[in-house]
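Heads up: the structure comes next, in structure tokens.
The values are calculated or read from the model by the stated rules, or taken from the named source; none is laboratory data. In this text, all values refer to a predicted model and were calculated from it rather than measured experimentally. Reconstructed Cβ throughout: ideal geometry from the backbone, glycine too, with neighbour counts over all protein chains shown.
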Amino acid sequence: MSVRHLYIHVPFCHRVCPYCSFYKHQHGSTDLGEFVTAVLVEAARSRDLFPLELETVFLGGGTPTALSEGHLHRLLSGIREVYDWNQVKEFCLEANPRTITASKAKMMREIGVSRVSLGVQAWDEPTLHTLGRDHAPAEAEKTYHTLREAGFPSVSLDLMFSIPGQSLKVWVQSLQKTLSLAPDHISAYNLNYEEDTEFFERLSRGQYREDTEEDGACFEVTMDMLESAGYEHYEISNYAKPGHRSTHNESYWLGADYLGLGPSAFSTIQGKRWQNLPDTARYMSHVKQGVSAITAQEDITEEKRWVERFGLELRTSRGIPLSLIDPAQTQMLDSLTRDGLLRVEAGQIILTRQGKALVDPIAVALMG
Ligand code: SF4
């Protein structure tokens, strides 16, 4: 079976946000031209290792658009030359408002980028300040219009809620502002306090506190406002106008194989998962020397895959197959159904509106 999805990790950010747990860093002394060369060399090698029929290509990070226009052009055009592009339907980049110019956007569009996911996070100064973001609200709005003018067929705005100091009212205003721009897709994430982040330390020190009731209220109002505005709620944190779902992410949630390039990138192919070195300098040096940049590999056992399906597929509007439920959990399934948290439809277990707010405990309860 061919691999249809490609992810490329570009780890550079202008500024590191205190809540972020991805592998990223400022480019510092990294030779960005050499970085692009390393990714293209890794891409060319991968072509000989796996049957590839790419349908989606996603550049994330980090901030892919933190690369200069020249480096980004070389990376995007180089990737297009390495792989057979005939079946690619979605070519997506994550972007930060600070890192897009009209000229860069035009270049991206001309090279075939079809979707941009813009990390706005919030539309008010105090929340952006708490998040340590390096852009102002007006800058994000200007960047959004720049992307529109460049003619991308699909533009997504990424937002976050339950941020310390951000009231429900401020979140509603953020949603209203977002809707006034009519993006094709909206990602709305509940802030997670990930270990090894500054936010987690602040939480541990008692400087921040979690409020599940407030989280629930923000989630509810998000569903209400975005669904009323015509967005499909197709995954817990993702909403799309018809025809604008992220095919790449949806394939990942549904367990498709994907190839990852770049430092720290994961690949999952034919029952195996591996990760590249989460160290840009070592990754580049390994690729240059023709040595494998893989740091860890594991088999995806049936049990592991079963657990992952509860963690990923249950979050989607498609739900999980009823056949995944252990017969010993039938009573639990009935009880959750009676409580109005899920329904069974055409052999699939699907969360109700009420159940979506409780996806994690429901997944745990169903696994037993
Ligand atoms: S810009 Fe994005 S990837 Fe970079 S640190 Fe901030 S959240 Fe993380």
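Just to be sure, is residue 77 modelled with pLDDT of 95 or more, among the polar types (S, T, N, Q), touching a helix residue (DSSP H, G or I) at 6+ places or on another chain (Cβ under 9 Å) and more than 19 Å from residue 287 (Cα to Cα)? Answer is no for this residue. All conditions but one from (1) at negative phi; (2) surrounded by fewer than 13 Cβ atoms within 10 Å (Cβ to Cβ) apply to residue 290; the one that does not is (1). Only one of the listed residues (9, 5, 27) is out of contact with any helix residue (DSSP H, G or I) (no Cβ under 6 Å at 6 or more places or on another chain) and in contact (Cβ under 8 Å) with a residue 60 or more places away in the chain. That residue is 9. Of all positions in region 41-59, at least one carries a residue that is within 16 Å of the ligand (Cβ to nearest atom), aliphatic (A, V, I, L, M) and under 21 Å from residue 275 (Cβ atoms).
Per this entry, residue 174 is counted among residues that are more than 18 Å from the chain's Cα centre (by Cα), closer than 18 Å to residue 219 by Cβ, among the small types (Gly, Ala, Ser) and more than 16 Å from the ligand (Cβ to nearest atom). Within region 247-268, is there a residue that is buried (at least 21 other Cβ atoms within 10 Å of the Cβ), assigned by TED's automatic domain parsing to the domain that holds residue 127 and touching a Cys at 6+ places or on another chain (Cβ under 7 Å)? Scanning region 247-268 turns up at least one residue that is buried (at least 21 other Cβ atoms within 10 Å of the Cβ), assigned by TED's automatic domain parsing to the domain that holds residue 127 and touching a Cys at 6+ places or on another chain (Cβ under 7 Å). For region 122-141, does any single residue satisfy the condition of being of a type outside the set (D, E, K, R), within 17 Å of residue 190 (Cα to Cα), surrounded by 21 or more Cβ atoms within 10 Å (Cβ to Cβ) and touching a helix residue (DSSP H, G or I) at 6+ places or on another chain (Cβ under 6 Å)? There is at least one residue in region 122-141 that is of a type outside the set (D, E, K, R), within 17 Å of residue 190 (Cα to Cα), surrounded by 21 or more Cβ atoms within 10 Å (Cβ to Cβ) and touching a helix residue (DSSP H, G or I) at 6+ places or on another chain (Cβ under 6 Å). Within region 122-152, the residues that satisfy the criterion of being in contact with a His (Cβ under 9 Å, 6 or more places away or on another chain) and of a type outside the set (Ser, Thr, Tyr) are 128, 134. Scanning region 97-109 for residues that are touching a helix residue (DSSP H, G or I) at 6+ places or on another chain (Cβ under 6 Å), farther than 14 Å from residue 71 by Cβ and within 16 Å of the ligand (Cβ to nearest atom) returns 97, 100.
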